[in-house]
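For reference, the structure discussed in these notes is given below.
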Ligand SMILES: Cc1cc2nc3c(=O)[nH]c(=O)nc-3n(C[C@H](O)[C@H](O)[C@H](O)COP(=O)(O)OP(=O)(O)OC[C@H]3O[C@@H](n4cnc5c(N)ncnc54)[C@H](O)[C@@H]3O)c2cc1C
């Protein structure tokens, strides 16, 4: 299917004349990728948008991110210009055996622009975040750092910052991330994210170190997302910034690690050396061993959390909604968390084009109705991949390897089945 890309991003108030909706005063909590995207989308239609971010600095962690076509097409339309950002176009996914490096399957993307209506990019998170931030500033979104929201008055609606300052609006969009404090207030009961039992190490290797080794060189020069699958772990690698950096994520079940554990509520650690990784992957094929030995110092180790489904995306007041990881935390194995936040933003933008202060509750319910089923499928699919990627050798692994090359719904890898690829990447969140 050929899809036409059209941009309407060059102006604010694009819907002024036609839109029967009110211009709303929107408070957004969190300046992550989700918060920035919804702010940009709403500002494009002339709403007044204020983002409150707790951190004293703006930015993202040092790691890679995949921008799939379902997200790219929204960015393009909204005039979020990635032209001058260093990036890499993905060939597709390939899966290798952990010990021999034998190829289990190649799943090329083909021409994503043609099939799905947008590019498939591999980027540095900080670069992407910086582009979003700039676009938000250019459009006139007001963004305040060091502004932690400590309390919500959803009926007003209003928030109170850690300074005691009260800020009022017409509607609150809460994009406060996987450990969202607000999620509980929406459900009426505690709903912490579930510890999936997996941890991930996020590593950036200078491209020149990868190029210097003849055995690793192809990993950089051929821009595939390579996944080595083995017992209780998988290692993903892909080039970003046009090959300046090789981005690596090692995902392991915590039970398979012998190193120091997270203490209490700790979710992230900076690891000062690569000893525990070298030990963990000692039995893997030479390229994996080389990659972890190149990991160097000071990289991130994260606990991974998710949920299957969050019941209430909209606060009972009808004046606030959750967005992004706050409402659909997921394992990163579908590489889709930020893309789902982008789709949330796209749906909200469209719904707000006809929303008035009076019909806001119904408008927000419509947002949940459209977004919740699709996000939940992706959340659950991440869990299925956790099983499929981490099999020990045996009957289940042999079945996986037999199905992995087939364009069939029994293919355990989500993208191995064309209909699922089309469902995920071909989706146009603004088309409803
Ligand atoms: C290893 C890994 C790899 C991934 N790879 C991909 C990928 O390739 N593609 C993809 O699409 N997704 C990927 N994801 C998922 C993606 O990173 C997330 O889905 C996305 O970043 C979530 O954005 P967010 O804005 O919802 O939340 P966050 O990025 O967590 O932003 C939340 C923001 O809210 C702020 N905040 C929190 N509480 C408050 C408060 N009380 N007051 C004010 N501010 C507050 C925080 O400081 C933060 O800035 C990956 C995730 C992981 C862990």
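Numbers below:
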| quantity | calculated |
| --- | --- |
| The chain: angle of helix 125-139 to the longest principal axis, Cα-based, in degrees nearest 10 | 20 degrees |
| FRET efficiency for residue 89 and residue 184, using Cβ-Cβ distance with R0 set to 35 Å, rounded to 0.05 | 0.30 |
| Segments 223-235, 185-197 sorted - mean Cβ within 10 Å per residue, highest first | 223-235, 185-197 |
| Inter-label distance, nm, simple model (7 Å from Cα along the C-beta direction), residue 160/residue 266 | 3.3 nm |
| Ordering of 342-353, 145-156, 358-369 by burial proxy (mean other Cβ atoms within 10 Å per residue, highest first) | 342-353, 358-369, 145-156 |
| Where labels lie 7 Å past Cα in the beta-carbon direction, separation of residue 309 and residue 244 in nm | 4.4 nm |
| Förster radius 41 Å - calculated FRET efficiency between residue 256 and residue 358, Cβ distance, rounded to 0.05 | 0.15 |
| Whole-number Å³ per residue for the convex hull built on Cα positions in region 195-306 | 103 Å³ |
| Kirkwood hydrodynamic radius of region 15-124, from inverse mean 1/r over distinct Cα pairs, in Å | 17.0 Å |
| Virtual spin-label span in nm between residue 102 and residue 222, 7 Å along Cα→Cβ | 1.8 nm |
| Cα radius of gyration and Dmax for the chain (Å) | 21.5, 65 |
| Convex hull (Cα only) mean projected area of region 321-396, reported in nm² to one decimal | 5.3 nm² |
| Theoretical FRET efficiency, 1/(1+(r/R0)^6), r = Cβ-Cβ of residue 168 and residue 134, R0 30 Å, to 0.05 | 0.60 |
| Degrees between helix 337-352 axis and first principal axis of the chain (Cα, 0 to 90, nearest 10) | 20 degrees |
| Theoretical gain in end-to-end length, residue 289 to residue 420 [0.36 nm per residue, Cα-Cα removed] | 43.9 nm |
| Cβ crowding within 10 Å averaged over residues, with 312-318, 162-168 ranked highest first | 312-318, 162-168 |
| Candidates 127, 45, 22, ranked by Gaussian network fluctuation over the chain, Cα under 10 Å, top entry | 22 |
| Helix 33-44 vs. the chain, principal-axis angle (Cα, 0 to 90°, nearest 10) | 40 degrees |
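Each reported figure results from applying straightforward, stated rules to the coordinates on display, with no laboratory input. Worth saying up front: this structure is predicted, and the values here are computed from it rather than measured. Note: ideal-geometry Cβ built from the backbone for every residue, glycine included; neighbour counts use all protein chains shown.
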